[in-house]
Ligand SMILES: NC(=O)c1ccc[n+]([C@@H]2O[C@H](COP(=O)([O-])OP(=O)(O)OC[C@H]3O[C@@H](n4cnc5c(N)ncnc54)[C@H](O)[C@@H]3O)[C@@H](O)[C@H]2O)c1
């Protein structure tokens, strides 16, 4: 039996959440040994257990990806447990509390968790990929990395997701000759507990989200996970420095 990630080691951050869990399960189903990293232990452990129930290999790493020491420890745990590192999906992220326009503390926090975290992850992940002579990294951005919106205004989120694409391009060029590919992923609205809660708030919101993308409503987490898996895999071997938009046609309008 051949699978895309047989013998490969993959880190997924934010793997207790909607897209991260779908990706961790998807990588494991393709044969990868997966480090399931999240700030929240319980949902991350649920992801680990789901992978193991399905016959896959996973280890838990509770870490705040915006804190350098914790990222370093998470990567060390991965290498000690599985013997190296091949791929990483730096996916963890947060959005805004309501009414946070011009709020400096919120702005800094979002940049820390969504952007600085990805710099820290790559800083500690890449040396192990250099040791392997190969690697592939996907940094989670958003369609808010390529556009903005009028309502609601998401200052920090939009800034962080645009900057992820810049950071990704810089790293892609820096490591191109080292055979390490770095790409960004830009989903449109994707089903998650937050999106479900918003749909339950009013008929108007449900209606708006149901018609969000030209293709159909919102994405399922597994549809976005598939893009991350493809970008990490050898099937995208000539793709680097790219920001892949997966939004059902939203930004084509
Ligand atoms: N759901 C969407 O519509 C959508 C659209 C575009 C981009 N995204 C991006 O996709 C990523 C995943 O989003 P999701 O929808 O699965 O959300 P989610 O809230 O279900 O998952 C995010 C996960 O990240 C974890 N996390 C938050 N801060 C962390 C930290 N400091 N350290 C470690 N883990 C931390 C959370 O505990 C959570 O499990 C995010 O970066 C988000 O911005 C989501």
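Criterion first (assigned to a helix (DSSP H, G or I), surrounded by fewer than 17 Cβ atoms within 10 Å (Cβ to Cβ) and more than 12 Å from the ligand (Cβ to nearest atom)) does residue 205 satisfy it? Yes, satisfied.
Residues are listed down the side, and each one gets a yes or a no for (1) away from the ligand (no atom under 11 Å from the Cβ); (2) in contact (Cβ under 8 Å) with a residue 40 or more places away in the chain; (3) more than 23 Å from residue 227 (Cβ to Cβ):
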{"residue": "106", "(1), (2), (3)": "yes, yes, yes"}
{"residue": "161", "(1), (2), (3)": "no, yes, no"}
{"residue": "187", "(1), (2), (3)": "no, yes, no"}
{"residue": "196", "(1), (2), (3)": "no, no, no"}
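Could you pull out the residue among 95, 47, 81 that is in contact with a strand residue (DSSP E or B) (Cβ under 7 Å, 6 or more places away or on another chain) and within 16 Å of the ligand (Cβ to nearest atom)? Just a single option satisfies the conditions, and that option is 47. Every condition in (1) closer than 25 Å to residue 6 by Cα; (2) in a helix (DSSP H, G or I); (3) more than 12 Å from the ligand (Cβ to nearest atom) is met by residue 182 except one, and the failing one is (2). Inside segment 20-35, can you point out the residues that are in contact with a strand residue (DSSP E or B) (Cβ under 6 Å, 6 or more places away or on another chain) and within 10 Å of the ligand (Cβ to nearest atom)? Result: 20, 23.
Residues that are over 17 Å from the mean Cα position of the chain (by Cα), more than 8 Å from the ligand (Cβ to nearest atom) and either touching a residue at least 60 places away in the same chain (Cβ under 8 Å) or at positive phi (or both) do not occur anywhere in segment 62-76.
Annotation: residue 86 fulfils all but one of (1) at pLDDT 95 or above; (2) more than 12 Å from the ligand (Cβ to nearest atom); (3) more than 26 Å from residue 169 (Cβ to Cβ); the unmet one is (3).
Within segment 168-188, being closer than 19 Å to residue 111 by Cβ and surrounded by fewer than 19 Cβ atoms within 10 Å (Cβ to Cβ) holds for 169, 170. Pick from 200, 225: which is in a helix (DSSP H, G or I), within 10 Å of the ligand (Cβ to nearest atom) and either modelled with pLDDT of 95 or more or more than 21 Å from residue 160 (Cβ to Cβ) (or both)? Step by step, each of 200, 225 is checked, and only 225 is in a helix (DSSP H, G or I), within 10 Å of the ligand (Cβ to nearest atom) and either modelled with pLDDT of 95 or more or more than 21 Å from residue 160 (Cβ to Cβ) (or both). Scanning segment 120-161 for residues that are within 17 Å of residue 70 (Cα to Cα) and buried (at least 18 other Cβ atoms within 10 Å of the Cβ) turns up 120, 121, 122, 124, 125, 126, 128.
The values are calculated or read from the model by the stated rules, or taken from the named source; none is laboratory data. A quick note: this is a predicted structure, and the numbers were derived from the prediction, not measured. Every residue, glycine among them, receives a Cβ derived from its backbone with ideal geometry; neighbour counts consider all protein chains shown.
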